[in-house]
Amino acid sequence: MGQDAKKGKTEGEQRSGPRGGLRRFLLVVFLLLVAYLGSYVPLSLLGNYEPVHSGETRLAKGKAVLDREVWQPLWLTLVFHQRQDGTTALNDEGSPDGAQTGLGGRVYMPLIMLDRRLFHPDRAHDRF
C-alpha cells in the first residue's frame, strides 16, 4: 500500500497533481477545438456566393463596382476590400453594397479563409 493510500487520499486525488491538471486542460482545449470546427461545417455547407465590391475594379471617379463573388457561410459575413491606396482591409465600416464583416465573421475568420482557399475560391462577378 502506497503512502498516499495510507493518508486516506482517493485515486482521483492522486491524479489531480500537475499532470492531472495538464491533462484536464488539454482535454478542454481539444473539446473546444472540435466544437469550433464542428459548428462551422453546417454553416459552410449551407452557405452561398455573394457579390461584393472588392475595390480592385473602380469607375473613373474611384467608386468600387461589384466585381467579385465570395463564399459566405450561412449567417456569417467576412468581407475584405482594397482601398484606393492599394492596401487591403477588413470591411468593418460597411461598403456601398452594405456588406460588413460581423462578429460571426470575425470569430470564424480562420476557417472561412481556409474554406475559401481550399473549397470555395473567389470568382469573378460578371453581371455588372
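The values are calculated or read from the model by the stated rules, or taken from the named source; none is laboratory data. The shown structure was predicted, so the numbers you read here are calculated from the model rather than taken from an experiment. All Cβ positions, even for glycine, are placed from backbone atoms using ideal geometry, and neighbour counts span all protein chains on display. Just so you know, the surface numbers come from the protein's heavy atoms only, side chains and all, with ligands and any DNA or RNA stripped out. Shrake-Rupley method; radii C 1.70, N 1.55, O 1.52, S 1.80 Å.
Out of the stretch 72-87, which residues are surrounded by fewer than 21 Cβ atoms within 10 Å (Cβ to Cβ) and within 13 Å of Y49 (Cβ to Cβ)?
Across the stretch 72-87, the qualifying residues are L74, T77.
Identify, please: which residue in the stretch 88-128 is in a strand (DSSP E or B) and open to solvent by 60 Å² or more (accessible area, probe 1.4 Å) and is, among those, modelled with the highest pLDDT? Quick ask: steps written out before the conclusion?
Going residue by residue through the stretch 88-128, those that are in a strand (DSSP E or B) are 88-90, 123-124.
Filter once more, so that each one left must be open to solvent by 60 Å² or more (accessible area, probe 1.4 Å): 88, 123-124.
On the way: T88: 78, R123: 92, A124: 89.
It comes out as R123.
Checking L45 against (1) open to solvent by 100 Å² or more (accessible area, probe 1.4 Å); (2) touching a helix residue (DSSP H, G or I) at 6+ places or on another chain (Cβ under 9 Å); (3) of a type outside the set (S, T, Y): exactly one of these is not met. Which one?
Only one criterion in (1) open to solvent by 100 Å² or more (accessible area, probe 1.4 Å); (2) touching a helix residue (DSSP H, G or I) at 6+ places or on another chain (Cβ under 9 Å); (3) of a type outside the set (S, T, Y) is unmet by L45, namely (2).
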